[in-house]
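Chemist: This structure is in structure tokens; I'll ask about it shortly.
The values are calculated or read from the model by the stated rules, or taken from the named source; none is laboratory data. Since the structure is predicted, the reported quantities are computational estimates derived from the model, not experimental observations. Glycine gets a Cβ as well: all are built from the backbone with ideal geometry, and neighbour counts include every protein chain shown. Accessible surface is based on the protein model in full, side chains and every heavy atom, while ligands, DNA and RNA are left aside. Shrake-Rupley method; radii C 1.70, N 1.55, O 1.52, S 1.80 Å.
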Amino acid sequence: MFRLLLRRLRPLSGPPGLLSVRSARSFSGCPPELSAAGIRSTFLDFFRQKHGHLLVPSSPVRPRGDPSLLFVNAGMNQFKPIFLGTVDPRSDMASYRRVVNSQKCVRAGGKHNDLEDVGRDVYHHTFFEMLGNWSFGDYFKEEACLMAWSLLTEHYGIPADRLYVSYFAGDAASGLTADEDTRQIWLDIGVPPSHLLPFGLKENFWEMGDSGPCGPCTEIHYDHVGGRDAASLVNADSPDVVEIWNLVFMQYNREVDNSLRLLPQFSVDTGMGLERLVSVLQGKRSNYDTDLFTPLIHDIHQRSRVGPYSGRMGAADHGKVDMAYRVVSDHIRTLSVCIADGVHPGMSGAELVLRRILRRAVRFCVEVLQAPQGALASLVPTVVHTLGDVYPELHREADRIMDVINENEDHFLSSLQQGSRLIHRTLNKMDYKHGVFPASVAWSLHRDLGFPLDLVDLILEEKGVQVDPQELDRLIAENHKVASGEQSGERSQVMLDILSLAELQRLAVPHTDDGLKYQYRLDQDRYSTRTDSHLHR
Ligand code: SER
């Protein structure tokens, strides 16, 4: 039966036509004319035009009505009510069956936090774009795999022998069997068994949170080297073999008692990082060498007093100059997108994270790249130039973004001076014998003046003094609890049971019409229901 389905689906993909790059080359990366913008629009057009998906705009990076998130960190976030079965049946979202989008994502706080990796490696970012397609009770595993394979190998022209596919191996302790359906689908598509790899819960069972929709996933990985057996490098943190696309099959609901129940409706949720895909298609090992970043790196060099970017890492990167290029080019994108969406540098939650990002960027700009004050904000037009066509709010908000960055930079640079003075005063007063600097002073410098802790360490290192590490960890942990809302009860939310909702729908229980509650008038000091004629105009 599955083979019949394959035959039925194949014509849907048709011959490669959205991008006429496949025939134009032997694969050695990608032709230069294949820009990030072209790669993004090919993805969206493939699902929209060839496979009948509705194009839904990216949501802002500030999550709406979801206190469990600091920032939007995956394409599926805005569709969470559909998965949970809590979507208002009168809303547009309730009619979504096949959807495609390119979502602005920030992973700089909370569960997904890549901030510390940024600049140290060449493939983590605080801001990235997630390309995704969704089926809400429409197609399932077969069609999702077929479309993904067709797009990658036929339309983008990636050689199949560079691709490895992982699938869920099952987990006896959870009573979950291996996802043999998916394995068979990939075999039928033509993936050789040597490129088809089983992995456990951690890698191949995707969960939205501690409870809620979840299911096995299948991931497509790319080997940048090729011409070898790279199976052992899949999911092994190798920069040469990277995951590019995650296809999640939402089949279960994780109950609060940790048990799994089958969902009334099966869905598909996929996500592919645009920056990684572009590096694959442009034949670059580093995301910073793609056209999403090279204009920024060029402009940073113009404003700096150091040599050009040369892609060095670790000990070879003397003075952390190349790391500074990577950090500044990453952070200016994040700052621009967040400020455009109304997240401003501030004192708690996402705002505090953004303040740290801004201050980290300023420090690298001023201290390492030796750029003048104002250099950071002057990069905003380049961000607008590379991203503004897809996210038009960047065009609209460009002046405001620059003002916010400049004001905050100004304030931070004077805090830096104040902070350095306070450290030196404390050092003069303290007993040097123990060589331990009070964590409370370091922490208040960081919290109140936004003085980076690593800068405190650097200044103290020169004096042979160290911040009390245990006490500092304790203060950080305490602050983390407050920032994540654990003490305020912010996280406790009434979550309607998805299966109970499905049962109500099955029994055709009508949706509550709460329209009347908005139809009232205030007569002197009394509210009454408005039944007068002007309500019904
Ligand atoms: N939600 C999945 C992820 O974030 C697939 O999009 O990887």
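Chemist: Please state which of the following conditions residue 129 fails to meet, knowing it meets all the rest: (1) in contact with a Leu (Cβ under 9 Å, 6 or more places away or on another chain); (2) within 16 Å of the ligand (Cβ to nearest atom); (3) open to solvent by 40 Å² or more (accessible area, probe 1.4 Å); (4) not aliphatic (A, V, I, L, M).
Modeler: Evaluating residue 129 over (1) in contact with a Leu (Cβ under 9 Å, 6 or more places away or on another chain); (2) within 16 Å of the ligand (Cβ to nearest atom); (3) open to solvent by 40 Å² or more (accessible area, probe 1.4 Å); (4) not aliphatic (A, V, I, L, M) leaves (3) as the failure.
Chemist: Are any residues in the range 427-465 modelled with pLDDT of 80 or more and either aromatic (Phe, Trp, Tyr) or more than 22 Å from residue 356 (Cβ to Cβ) (or both), and if so, which ones?
Modeler: If the condition is that a residue be modelled with pLDDT of 80 or more and either aromatic (Phe, Trp, Tyr) or more than 22 Å from residue 356 (Cβ to Cβ) (or both), then 427, 428, 429, 435, 436, 437, 443, 464, 465 are the ones that fit.
Chemist: A follow-up question, please. For the range 254-275, which positions are modelled with pLDDT of 95 or more and either of a type outside the set (Ser, Thr, Tyr) or in a loop (DSSP other than H, G, I, E, B) (or both)?
Modeler: Those that are modelled with pLDDT of 95 or more and either of a type outside the set (Ser, Thr, Tyr) or in a loop (DSSP other than H, G, I, E, B) (or both): 268, 269, 271, 272, 273, 274, 275.
Chemist: Name the pairs whose Cβ atoms lie under 6 Å apart, with the first residue in the range 193-209 and touching a residue at least 60 places away in the same chain (Cβ under 8 Å), the second within 14 Å of the ligand (Cβ to nearest atom) and in a loop (DSSP other than H, G, I, E, B), and 6 or more positions between them or separate chains?
Modeler: Partner pairs satisfying both residue conditions: none exist.
Chemist: Take the residues in the range 309-344 that are part of a loop (DSSP other than H, G, I, E, B) and touching a residue at least 60 places away in the same chain (Cβ under 8 Å), then tell me which one is nearest to residue 386 (Cα to Cα).
Modeler: Checked the range 309-344; the qualifying residue nearest to residue 386 (Cα to Cα) is 341.
Chemist: Quick one: which residue in 356, 360 is within 18 Å of residue 297 (Cβ to Cβ), open to solvent by 10 Å² or more (accessible area, probe 1.4 Å), touching a residue at least 24 places away in the same chain (Cβ under 8 Å) and part of a helix (DSSP H, G or I)?
Modeler: None of the other options fit; the residue is 360.
Chemist: Taking residue 162 as meeting all but one of (1) modelled with pLDDT of 95 or more; (2) within 30 Å of residue 259 (Cα to Cα), write down the number of the exception.
Modeler: (2)
Chemist: In addition: Looking at (1) free of Cβ contacts under 8 Å to residues at least 24 places away in the same chain; (2) acidic (Asp, Glu); (3) closer than 17 Å to residue 148 by Cβ, which is the one condition that is false for residue 188?
Modeler: Condition not satisfied by residue 188: (1).
Chemist: Okay, next question. Assuming residue 95 fulfils every condition listed in (1) surrounded by fewer than 22 Cβ atoms within 10 Å (Cβ to Cβ); (2) touching a residue at least 60 places away in the same chain (Cβ under 8 Å) apart from one, which condition is it?
Modeler: Answer for residue 95: the failing condition is (2).
Chemist: Then there is this: For the range 223-271, give me each residue that is aliphatic (A, V, I, L, M) and under 24 Å from the mean Cα position of the chain (by Cα).
Modeler: 233, 234, 236, 241, 242, 244, 247, 248, 250, 268
Chemist: So, in the range 72-101, exactly how many residues are more than 12 Å from the ligand (Cβ to nearest atom), closer than 21 Å to residue 251 by Cα and small (Gly, Ala, Ser)?
Modeler: The qualifying residues number 3.
Chemist: Please state which of the following conditions residue 119 fails to meet, knowing it meets all the rest: (1) out of contact with any strand residue (DSSP E or B) (no Cβ under 6 Å at 6 or more places or on another chain); (2) modelled with pLDDT of 90 or more.
Modeler: (2)
Chemist: Select from the range 255-267 the residues that are within 19 Å of residue 178 (Cβ to Cβ) and within 16 Å of the ligand (Cβ to nearest atom) and list them in ascending order.
Modeler: Within the range 255-267, just 266 meets the criteria.
Chemist: Can you spot a residue in the range 280-290 that is within 16 Å of the ligand (Cβ to nearest atom), outside any strand (DSSP E or B), farther than 27 Å from residue 376 by Cβ and modelled with pLDDT of 95 or more?
Modeler: Checking the range 280-290: not a single residue is within 16 Å of the ligand (Cβ to nearest atom), outside any strand (DSSP E or B), farther than 27 Å from residue 376 by Cβ and modelled with pLDDT of 95 or more.
Chemist: Which residue out of 34, 69 is within 16 Å of the ligand (Cβ to nearest atom), at pLDDT below 90 and in a loop (DSSP other than H, G, I, E, B)?
Modeler: None of the others qualify; the one that does is 69.
Chemist: Which ones in the range 291-305 are more than 24 Å from the chain's Cα centre (by Cα) and in a loop (DSSP other than H, G, I, E, B)?
Modeler: 304, 305
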